[in-house]
Amino acid sequence: MTTPTAQLFIGRLPGAADADELRRVFSKYGEVARCDVKRGTNLCYGFVEYSTPEQAAEALEQCNGMSLLGEQIVVEFARASARKREDNNCFSCGEV
């Protein structure tokens, strides 16, 4: 059995989204321990980490598919360990 995670992946973020906007939306479901937004050439995604897996599960249930700044976002449990905020390198090639 896998251990529940308290970290969520937020996909399909609009380009105008930032960490403050994610924190505003996701703090309704519990204490947000960490909130990051990453930007690529044509994409924007983020991570929200809660204090407990139960808070993350509630946020996932309530926010997956919701509209944020005019875009329908995807919310999933994060599949990998958290990366540092300053780590903005590509997963594939390692370039910034």
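The values are calculated or read from the model by the stated rules, or taken from the named source; none is laboratory data. Only a predicted model underlies this, so the values are computations on that prediction, with no experimental measurement involved. We place every Cβ from the backbone using ideal geometry, glycine too, and count neighbours over all the protein chains shown. The area values use the complete protein model at the heavy-atom level, side chains included, leaving out ligands, DNA and RNA. Shrake-Rupley method; radii C 1.70, N 1.55, O 1.52, S 1.80 Å.
Scanning the stretch 23-38 for residues that are of a type outside the set (Gly, Ala, Ser) and either without any contact (Cβ under 8 Å) to a residue 40 or more places away in the chain or touching a Ser or Thr at 6+ places or on another chain (Cβ under 6 Å) (or both) returns 23, 24, 26, 28, 29, 31, 32, 35, 37. In the stretch 28-56, the residue that is surrounded by the fewest Cβ atoms within 10 Å (Cβ to Cβ) out of those that are aliphatic (A, V, I, L, M) and within 15 Å of residue 5 (Cβ to Cβ) is 33.
When residue 11 is tested against (1) within 15 Å of residue 78 (Cα to Cα); (2) free of Cβ contacts under 8 Å to residues at least 60 places away in the same chain, exactly one condition is not met: (2). Residue count for the stretch 1-22 satisfying the condition of being open to solvent by 40 Å² or more (accessible area, probe 1.4 Å) and closer than 15 Å to residue 54 by Cα: 4. Flag: residue 25 matches the condition of being modelled with pLDDT of 95 or more, outside any strand (DSSP E or B) and open to solvent by less than 50 Å² (accessible area, probe 1.4 Å).
A search for C-beta distances below 7 Å between a residue of the stretch 41-70 that is under 11 Å from residue 30 (Cα atoms) and any residue that is surrounded by fewer than 17 Cβ atoms within 10 Å (Cβ to Cβ) and of a type in the set (Lys, Arg), counting only pairs 6+ apart in sequence or on different chains, returns 49/34.
Inside the stretch 1-32, residues that are farther than 21 Å from residue 44 by Cβ and among the hydrophobic types (A, V, I, L, M, F, W, C) make up a count of 2.
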